[in-house]
1. Between Lys151 and Ser132, 0.36 nm times their residue separation minus their Cα-Cα distance comes to what?
2. For Ile147, what is the net charge nearby, where nearby means another residue's Cβ is under 10 Å from its Cβ and Lys, Arg count +1, Asp, Glu -1?
3. If the limit is 19 Å between Cα atoms, which of Lys43/Lys151; Lys83/Lys151; Lys41/Lys95; Lys95/Lys151 go over it?
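FYI, it's all coordinate maths here, none of it is from the lab. No experiment lies behind these values; they were computed from the predicted model shown. Cβ: placed from backbone, ideal geometry, glycine included. Neighbour counts: every protein chain shown.
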Amino acid sequence: MHISRRLLALAIAAAPLASLPCAAMAEESTLGTPSGTVTMKFKSLDIGVGHTWGTGKLVYGHHTYRFKIEGGSLAAVGYANIKGTGTVYNLHSVKDFEGSYAAVNGDVTAGTGIGAVLLNNPAGVRIRLDTSSSGGRLAAAAQGMKITFTKK
C-alpha cells in the first residue's frame, strides 16, 4: 500500500512530464515521407536504469514483417505493459528499419496512461508511436531500442 501511495505521489508531482512526448512530436510535415505503419507490444521494468522488451509488426510495401524489441532507459522507475501504433517515415528499404533507435520521452502511468514517442535511427528512419500503457511507471528518460526482424 505504501509503495502505491508513493508511486501515485510521484506521478502527481511529475504530471508535467507527461506532456514531454507531445512537445517532442513534430508536425507530421516535418517528419518526412510516410512509408509504413507499425504496431508494438512491449514491457518496461525500470529501477533507475530500465529494461524494455517486446514484439511488433511493420507493414511496408504490402508486406508484413515481424520484429522483436530489446532496449533500455535511464531515469525511470516502475513497470508498464505498453501497446503502440504508429507511422514509419523515411523508410526507403526494409533493411533500413532494423537497428538501433533513440528517443527522449516522458511517461507517467498510474493504472493506465497514454503517450507518444518519436524514435529515430541512424539511417534516417523515424517512427511516431502513440502508446497506451498499464501499470505503474514514472519516466523522464533517454531511451534506446534495438529492433531485429524475426523469422515467420
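1. Between Lys151 and Ser132, full extension yields an extra 4.1 nm.
2. 0
3. Lys43/Lys151; Lys83/Lys151; Lys41/Lys95
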